[in-house]
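The structure under discussion appears below in the form of structure tokens.
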Amino acid sequence: MKILLTGAAGMLAAEVIPVLLKQGHTVYQTDINRRLPDIEALDVTCGDKVVKLAREVKPDYIFHFAAETDVDFCEKDPEHAFRANALGTENMVKACGETSAKLVYISTGAVFDGKKDVPYIEADAPNPVNVYGESKLRGEKIIQTALDEYFIIRAGWMVGGWDLDKKFVYKIVQQLKSGKKELMAVSDKFGTPSFTKDFAANIMPIVNSGKYGLYHMVNNGTCTRHDMAVKIVEYMGLSDSVMVQSVDSSKFPLPAPRARSEMLENRRMKEMSIDNMPRWEDSLEEYIKLNKDK
């Protein structure tokens, strides 16, 4: 199939594109950031350019990965957040209307308010607590209102890209490599990681099912950042020499509020017998061992 993919310079696309190419698909890569020579410049908020390109490419699918995912930046600049995450998605919907392409949209567990004590399933009602979650939910609603043939796939705490991403796992490993003997990690916020490698391996079984609609796709098991930090120390072989202190989130004040829980369950994938996402601990161990010496 022919796929027009936005956000091609991002960490998720970096794992998904090679999988798509290996499966024989044609992937037309776009991003506002031309990090690689195969990427064509495209600002998803420019509706005319989006539609023009879609008409030229005539894709079977649009994989809409482009998004503003910096939660705190979204809180500081809501106009930017909604332009990137809602208007950008609306433009992809228009492109689908012009070309009869089907849409794959990546959303987030941040659409929930975190009051539930067990993982959220697809049938649970969203109620975001920050601008980022609101802007991504707006994108979902735009799609659900305008299209019949779409896949909305909510990810959890995205992990991947190593130095391309430089988020929690990368930062903890760098601290350990610098010789730090005591770490602090938050234990009052709960989530489910989505490792980009696993996400990439499991996205096409959803698409190929032809069963449109809303999905959750996270690694199995739930955790806190403290749980992850403890495992990182273990997988680095430093459990005897490094202490990980459990702290609450007030220790690290941030501009955007975070839900107490962003835990997700792959209920729909399980019902379809296509939930092959590994446990987060196994994927974290593999991720650490693959990247720790970089």
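Just so it is clear, none of the values below were taken in a lab; they were calculated from the coordinates. What you see is a predicted model; the values in this text were computed from it and never measured. Note: ideal-geometry Cβ built from the backbone for every residue, glycine included; neighbour counts use all protein chains shown.
Some observations on this one:
- Whole-Å semi-axes of the chain's equivalent ellipsoid (Cα gyration tensor): 32, 20, 19
- Among P193, P37, P18: highest mean-square fluctuation, GNM of the chain, C-alpha pairs under 10 Å: P37
- Volume per residue that the Cα convex hull of the stretch 145-191 spans, once the total is divided by residue count, Å³: 105 Å³
- Lys, Arg +1 and Asp, Glu -1 on Cβ, resulting dipole of the stretch 77-128 about Cα centre, debye, nearest 20: 140 debye
- For the stretch 77-153: relative contact order, % (alpha-carbon pairs under 8 angstrom, 6 or more apart): 45 percent
- Long-range amide H partners of I152 with built H, under 5 Å: Y105, G213, L214, Y215
- Around the amide H of L183, modelled in the peptide plane, lie the amide H atoms of M243, V244, Q245, all under 5 Å away and 5 or more residues distant in sequence or on another chain.
- Close amide-amide hydrogen proximity is noted between F112 and N127, each under 5 Å apart and 5 or more residues distant or on a separate chain (H modeled in the peptide plane; Pro and chain starts excluded).
- The mean sequence separation of alpha-carbon pairs under 8 Å and at least six residues apart, normalised by the residue count of the stretch 144-273, gives a relative contact order of 37 percent.
- Spin-label model, D293 to Q175: label points 7 Å out along the Cα-to-beta-carbon direction sit 2.5 nm apart.
- Taking Cα atoms only, the orientation of helix 168-177 departs from the longest principal axis of the chain by about 40 degrees.
- Helix 131-146 vs. the chain, principal-axis angle (Cα, 0 to 90°, nearest 10): 30 degrees
- Across the chain, the relative contact order, built from alpha-carbon pairs under 8 Å that are at least six residues apart, equals 19 percent.
- HN-Hα J in Hz across the stretch 102-111 - Karplus 6.51, -1.76, 1.60, θ = phi - 60°, x for Gly and Pro: 9, 10, 10, 10, 8, 10, 8, x, 6, 6
- Packing order of peptides 149-158, 53-62, highest average first: 149-158, 53-62 (average count of other Cβ atoms within 10 Å over each peptide's residues).
- Chain lengthening between R279 and S250 when straightened (0.36 nm per residue, less Cα-Cα): 7.6 nm
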